[in-house]
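Chemist: This is the structure I want to talk about, given as structure tokens.
The values are calculated or read from the model by the stated rules, or taken from the named source; none is laboratory data. Just so you know, these numbers come straight off a predicted model, no measurement behind them. Reconstructed Cβ throughout: ideal geometry from the backbone, glycine too, with neighbour counts over all protein chains shown. Surface areas here come from the heavy atoms of the whole protein model, side chains and all, with no ligands, DNA or RNA. Shrake-Rupley method; radii C 1.70, N 1.55, O 1.52, S 1.80 Å.
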Amino acid sequence: MAWDYIVQGFSEALGLITEPYVIEIALRSIKVSGVATIMAVVWSLPLSMLIGLKNFRGKWLVKTFVNGLMGVPTVIWGLILYLLLVPRGPLGALGLLYTEMGISLGQALLITPIIISIVVNSLEAIESEIRELALTLGADEIRASFQVVVESIGGIILAVIAGFNRAIAELGIALMIGGNIYVKGGHYNTRVLTTAIQMYTVRAEISIAIALGIILMGIVLGVNLLSNLIRKWLT
Amino acid sequence: MSFIRVIGLTKRYNSANPPALDNVSLEIEKGEIFCIMGHSGAGKTTLLRILALLEKPDTGEYYFDEAKVNWNDSLRKSVTMVFQIPVMFNTTVFKNIAYGLKIRGYPKDEIKKKVKEVLELVRLPGYEDRKAKYLSGGEKQRVAIARAIVLEPKLLLMDEPTANLDPTNSAIIEEIVKETVKEKETTIIFSTHNLFQAKRLAHRVAHIYKGKIIEVGKTKEIFEHPENELTKRFINGELF
């Protein structure tokens with residue numbers, strides 16, 4: 001039957017989920033995308049506050065540009081980064097090509113416009129009324145802006161989670177910058193969930209591809225659940 | 001000299017539209033309850049926002065307690081404003097009311113005491129730990145007033161504070177306004193299109209029409225013997 005190999009794949013996958021090799025790849029994915037999210041948050045939050053809380057000439061253009069960046073395919077980010085990071089490229093001396101940090105850097109760039117866009121939208125949604133309320137209660141401009149950020153915390157958490165989920169689920173950058181390297185016991189492995197799923201699928205090793213897919217979906221859904229619980233608790 | 005004096009205030013939001021405020025001059029005395037009445041869009045909110053330092057006029061001067069206002073932060077601790085639709089910080093009633101007190105550096109014990117007292121004044125005793133955003137519209141507006149009057153401002157501005165409330169909540173708020181002026185000598189300027197409220201509360205009223213103050217006077221005089229034809233028609237509830 002046409003469904004047999006899929007059913008068989010799922011039943012075998014359940015046994016593979018606890019395999020050390022599968023767990024190692026899953027943990028690497030979480031680590032690489034976690035670092036990417038932290039990096040992106042570090043530069044995206046100040047930029048978001050600048051865009052969301054300040055009025056300046058060309059603000060509309062900046063927002064349009066940031067929103068436009070969200071549509072750039074991951075393979076294009078991968079290509080750009082590859083050209084920059086390749087040993088004879090302008091940033092080749094950094095030695096980031098085919099490393100975990102290289103993937104993290106690429107994913108951080110990928111999710112930057114996502115984080116900025118969500119945070120700016122949530123700041124702008126309440127900026128006027130919260131800022132004015134704080135000012136009428138005696139706050140100065142800095143304190144009023146801080147209060148706007150505090151009140152936007154739900155949106156900021158949403159942005160961080162959306163960024164992490166996008167990073168861990170992308171393939172193009174992980175494949176082109178990471179190279180899907182795996183040597184048992186090796187120190188320079190770069191294989192993550194998405195690159196492994198892609199590799200095992202084209203090799204027709206369906207069971208392990210499904211097992212990795214289940215883990216990836218579990219991480220994404222688990223992180224979403226956690227973020228919703230945090231947001232519910234905070235708001 | 002008057003406690004609040006504005007001279008020739010003009011504010012235009014869009015060059016294609018007529019000004020929201022057109023050469024407005026007013027004088028208001030300390031401890032006075034002053035009402036700005038007029039139709040929606042007449043310029044009441046714009047005038048209050050300028051007095052609250054939330055907006056700068058295009059032209060004109062604003063004197064507060066004999067000092068010329070420069071729209072910097074220094075006066076912000078003397079003026080508070082209650083908005084038509086109450087905005088709550090997404091936290092407890094206690095933290096909402098304590099916000100301004102914390103900014104002013106009050107010690108914790110005193111903040112606790114003041115919040116308790118003001119909640120009793122607005123008929124919401126024991127509401128400290130409730131989430132502000134889940135209160136009813138009337139309760140939110142009373143918390144907003146508590147948050148403003150706990151700061152004992154010299155000038156309290158209220159933009160149609162009872163516009164969306166039921167008669168019971170409106171009556172409570174009117175009582176609070178009267179008590180605040182009596183006990184704290186706060187000057188109150190409020191806007192309304194509710195003529196009965198203006199009559200009940202205000203010592204003096206100004207009628208604003210298309211951004212211009214067309215008549216100012218003692219409440220009784222304005223309501224019983226209006227001089228301006230438009231004020232007469234506004235009081236009689238005629239369309240114009």
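Chemist: Would you calculate a helix-derived [θ] at 222 nm for chain B, using -39,500 (n - 2.57) for each DSSP H run of n ≥ 4 and dividing by the full residue count, to the nearest 500?
Modeler: Numbers: 8 runs with 84 residues, N = 240.
That calculation yields -10500 deg cm²/dmol at 222 nm.
Chemist: Something else about it: Threshold 30 Å², probe 1.4 Å: give the residues of the range B:88-103, in number order, that are less accessible with all protein chains present than with their chain alone.
Modeler: Buried-area filter returns B:89, B:90, B:99, B:103.
Chemist: Just want to confirm a number: the relative contact order over the range B:77-214, from Cα pairs under 8 angstrom separated by 6+ residues, in percent.
Modeler: For the range B:77-214, the relative contact order is 29 percent.
Chemist: If you consider only alpha-carbon coordinates, what radius of gyration and Dmax does chain B have, in Å?
Modeler: Computed over the Cα atoms of chain B, radius of gyration and Dmax are 17.9, 55 Å.
Chemist: Counting only protein heavy atoms, probe 1.4 Å: which residues of the range A:89-138 lose 30 Å² or more of accessible surface in the full assembly compared with their chain by itself?
Modeler: A:129, A:132, A:133, A:135, A:136, A:137, A:138
Chemist: Could you work out the local net charge near residue B:215, counting Lys and Arg as +1, Asp and Glu as -1, over the other residues with Cβ closer than 12 Å to its Cβ?
Modeler: +2
Chemist: Just to be sure I understand the model, the point goes 7 Å from the Cα along the line to the Cβ. What's the resulting residue A:231 to residue B:30 distance in nm?
Modeler: 5.2 nm
Chemist: Report the relative contact order of chain B, percent, no decimals, based on alpha-carbon pairs under 8 angstrom and at least 6 residues apart.
Modeler: Working: 443 pairs, mean separation 64.8, N = 240.
Worked out over chain B, it gives 27 percent.
Chemist: Follow-up. With N set to the number of residues, divide the alpha-carbon radius of gyration of the range A:116-235 by 2.2 N^0.38 Å and report two decimals.
Modeler: That works out to 1.53 for the range A:116-235.
Chemist: Of the peptides B:74-86, A:163-175, how do they stack up when ordered by the mean number of other Cβ atoms within 10 Å, highest first?
Modeler: In decreasing order of mean packing, B:74-86, A:163-175 become A:163-175, B:74-86.
Chemist: Let me ask something additional. How much area per residue is accessible in the protein assembly as shown when the probe is 1.4 Å and only protein heavy atoms are counted (Å²)?
Modeler: 49 Å²
Chemist: Report, as an integer, the average count of C-beta atoms from other chains found within 10 Å of each Cβ along B:147-153.
Modeler: Across B:147-153, the average partner-chain Cβ count within 10 Å equals 2.
Chemist: If a helix is a whole DSSP H run, which ones in chain A reach 20 Å or further along their own axis (Cα) and hold a mean Kyte-Doolittle hydropathy of at least 1.0?
Modeler: A:20-53, A:100-136, A:153-169, A:206-234
Chemist: Continuing with this model, one more query. How far apart, in nm, are two points set 7 Å out from the Cα along the Cα-to-Cβ line at residue B:85 and at residue A:55?
Modeler: In this crude spin-label approximation the distance works out to 1.9 nm.
Chemist: A further question on this structure: Just round it to a whole percent: the fraction of Cα-Cα distances in the range B:40-107 exceeding 20 Å.
Modeler: 43 percent
Chemist: Also: Residue B:164 versus residue A:88, label points 7 Å from Cα toward the beta carbon: distance in nm?
Modeler: 6.7 nm
Chemist: Pull up the DSSP beta bridges for the range B:55-212 and report the antiparallel fraction as a percent, rounded to 5.
Modeler: Of all bridge pairs located within the range B:55-212, approximately 30 percent are antiparallel.
Chemist: Straight-line reach from residue A:59: which aspartates and glutamates have a Cα under 16 Å away, not including same-chain ones fewer than 8 places off?
Modeler: Correct list for residue A:59: A:124, A:127.
Chemist: Looking only at the range B:165-187, which residues have a backbone nitrogen under 20 Å from a spot 7 Å from the Cα of residue B:113 in the C-beta direction?
Modeler: In the range B:165-187, the label zone of residue B:113 (backbone N under 20 Å from the point 7 Å along Cα→Cβ) covers B:183-185.
Chemist: In whole Å, what are the Cα extents of the range B:6-71 along the three principal axes, biggest one first?
Modeler: Principal extents (Cα only, largest first): 37, 26, 18 Å.
Chemist: Within 10 Å, at most 10 other Cβ atoms, and a DSSP state outside H, G, I, E, B define an exposed site. Report the longest part of chain B free of exposed GluC sites (Glu not before Pro).
Modeler: B:67-237
Chemist: Roughly how much of residue B:151 is accessible, in Å² to the nearest 10, using a 1.4 Å probe?
Modeler: Roughly 10 Å² of residue B:151 is accessible to a 1.4 Å probe.
Chemist: Still on this structure, please answer the following. Beyond a 32 Å Cα-Cα separation, which of these cross-linked pairs lie in this structure: B:77/B:113; B:30/B:114; A:63/B:56; B:184/B:220; B:44/B:182; B:68/B:140?
Modeler: B:68/B:140
Chemist: Over chain A, what is the relative contact order in whole percent, taking alpha-carbon pairs under 8 Å and six or more residues apart?
Modeler: Details: 291 pairs, mean separation 69.2, N = 235.
Reported relative contact order: 29 percent.
Chemist: Counting only protein heavy atoms and rolling a 1.4 Å probe, how much accessible area do A and B lose on contact, total for both sides, in Å² to 100?
Modeler: 1800 Å²
Chemist: Report, in degrees rounded to the nearest 10, the 0 to 90 angle that the Cα long axis of helix B:167-184 makes with the longest principal axis of chain B.
Modeler: Helix B:167-184 and the main axis of chain B meet at about 90 degrees.
Chemist: Could you name the lysines whose alpha carbon sits less than 17 Å from that of residue A:232, not counting residues in the same chain fewer than 8 places away?
Modeler: B:131, B:133
Chemist: Name all residues of the range B:81-107 having a backbone nitrogen under 14 Å from the label point set 7 Å from the Cα of residue A:140 along its Cα→Cβ direction, giving them as ranges.
Modeler: Within reach of a label on residue A:140, which here means backbone N under 14 Å from a point 7 Å along Cα→Cβ, the range B:81-107 contributes B:103-105.
Chemist: Sticking with this one: Rounded to a whole number, what % of the accessible area of the protein assembly as shown do carbon and sulfur atoms account for, probe 1.4 Å?
Modeler: For the protein assembly as shown, the apolar C and S fraction of the accessible surface comes to 59 percent.
Chemist: Tell me the mean residue ellipticity at 222 nm calculated for chain A from its helices only (DSSP H runs of n ≥ 4, each -39500 (n - 2.57), averaged over every residue, nearest 500).
Modeler: So the calculated ellipticity at 222 nm is -25500 deg cm²/dmol.
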